[in-house]
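Just below is one structure, and these are the notes that go with it.
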Amino acid sequence: MIENYFEKIDTKEKAYWLGFLIGDGYITKSSKTLQLCLGLKDEHLIDRFLFDIEETHIVKKYYGPYKTAGKSVQIRVTNEKFVNFLIQSGCYNRKSLTARFPKIDDMSFSLSILLGLYDADGSQNTTDITSGSKLLLEDIKKIFSINNKIRIEKNVFILSLGVPLFRKMIENFSGYLSRKRGLYHLGKVNLLTTKRIKNKRFFSTKIMWPSVEEMLTLVWVYPSSILSKKLGASDTAIKNFCRKNGIEKPPRGYWAKHFFLNSRPYQRIDGRD
């Protein structure tokens, strides 16, 4: 499954990951390996990616913290056929300044690609998306009929998607990085009216829950004690969330029977919890 995953972009999930990897993925010069490195707070996104491509043998590596950055987690997917299909879809080596938006006829898939790009390179609490490639943002302006101008700040190009397109993008596919969704409650997006404070537009950012789809994965990947720390919510709040959304949690005694580190398909190489 893994080597043919990007052979055809025929699901919103594949489209999302294509967009995300165009933004944050790195293809090695040999074109045989995909490298993905994210902050530790987004580790669940790497878990979800490995789950979606059905790759269970990749070991995650952990780095930091450093003086200028916190802890990060990295994976390397070495599969020449898998990477070649990814390159053909628009994610290639040294794409930072020349990336283009993939040409796909299905608008729902194009919106999913855009969401992936936003999750990789979007500015949280705004609808701005940044890129080193002006061509990529020009493609987005044309495909989605955006009137906003592309601006440049500190050698980076920025395009505001606008609230209507942002809402349409989220309603098309909620995606996996809920912390960038503004007010995100029980799997539903509810963007508040934009306000101006110190001449800056922003969205209200109260406590954000993962999407229902994301939570379905998280409850079977992390025990409640660890999941509550990652989400910043109590065990009771998580139970209520799952009950209201019909999410089945592991039965009593599940984690005792299947010891956490041994049951996870993606283990730490340093043996830490």
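Details
- Of all residues in segment 117-130 being among the hydroxyl-bearing types (Ser, Thr, Tyr) and open to solvent by 20 Å² or more (accessible area, probe 1.4 Å), the one that is nearest to GLY23 (Cα to Cα): THR130
- Residue that is most open to solvent (accessible area, probe 1.4 Å), among those in segment 96-116 that are touching a residue at least 24 places away in the same chain (Cβ under 8 Å) and farther than 15 Å from LYS168 by Cα: LEU97
- Filtered by the rule that a residue be within 23 Å of LYS229 (Cα to Cα) and open to solvent by 10 Å² or more (accessible area, probe 1.4 Å), segment 67-76 gives ALA69, GLY70, LYS71, SER72, GLN74.
- Yes/no for GLY187 being within 19 Å of ARG48 (Cβ to Cβ), at pLDDT below 50 and of a type outside the set (Ser, Thr, Tyr): yes
- Criterion (in contact with a helix residue (DSSP H, G or I) (Cβ under 9 Å, 6 or more places away or on another chain), modelled with pLDDT of 90 or more and over 25 Å from SER31 (Cα atoms)) met by exactly one of ILE150, ILE170, ILE113, ILE104: ILE150
- Taking the criterion of being at pLDDT below 90 and exposed (fewer than 14 other Cβ atoms within 10 Å of the Cβ), the residues of segment 21-66 that qualify are LYS29, SER30, LYS41, GLU54, THR56, HIS57, GLY64, PRO65, TYR66.
- The residues of segment 213-237 that are among the β-branched types (Val, Ile, Thr) and under 19 Å from ASP42 (Cβ atoms), listed by number, are THR217, VAL219, VAL221, ILE226.
- Test: residue in segment 8-31 that is small (Gly, Ala, Ser), farther than 27 Å from TYR222 by Cα and without any contact (Cβ under 8 Å) to a residue 40 or more places away in the chain: yes
- Candidates GLU13, GLU7, GLU54: the one that is of a type outside the set (A, V, I, L, M) and more than 30 Å from LYS134 (Cβ to Cβ) is GLU54.
- For the residues GLY182, GLY175, the requirement of being modelled with pLDDT under 95, closer than 20 Å to LEU21 by Cα and assigned to a loop (DSSP other than H, G, I, E, B) singles out GLY175.
- Per the listing TRP220, TRP255, TRP209, the residue uniquely at pLDDT 60 or above, open to solvent by 30 Å² or more (accessible area, probe 1.4 Å), within 29 Å of TYR62 (Cβ to Cβ) and touching a strand residue (DSSP E or B) at 6+ places or on another chain (Cβ under 8 Å) is TRP209.
- Residues that are touching a Phe, Trp or Tyr at 6+ places or on another chain (Cβ under 6 Å) and open to solvent by 30 Å² or more (accessible area, probe 1.4 Å) within segment 10-20 comprise just one, LYS12.
- Output for segment 77-91, where each listed residue is within 17 Å of CYS37 (Cα to Cα) and open to solvent by 60 Å² or more (accessible area, probe 1.4 Å): THR78
- Filter pass, ILE22 being over 27 Å from ARG100 (Cβ atoms), among the β-branched types (Val, Ile, Thr), in contact with a helix residue (DSSP H, G or I) (Cβ under 7 Å, 6 or more places away or on another chain) and not in a strand (DSSP E or B): no
The values are calculated or read from the model by the stated rules, or taken from the named source; none is laboratory data. Nothing here was measured: the structure is a model prediction, and the numbers come from that model. Backbone-built Cβ (ideal geometry, glycine too); neighbour counts: all protein chains shown. Keep in mind that these areas ignore ligands, DNA and RNA; they rest on the heavy atoms of the full protein, side chains included. Shrake-Rupley method; radii C 1.70, N 1.55, O 1.52, S 1.80 Å.
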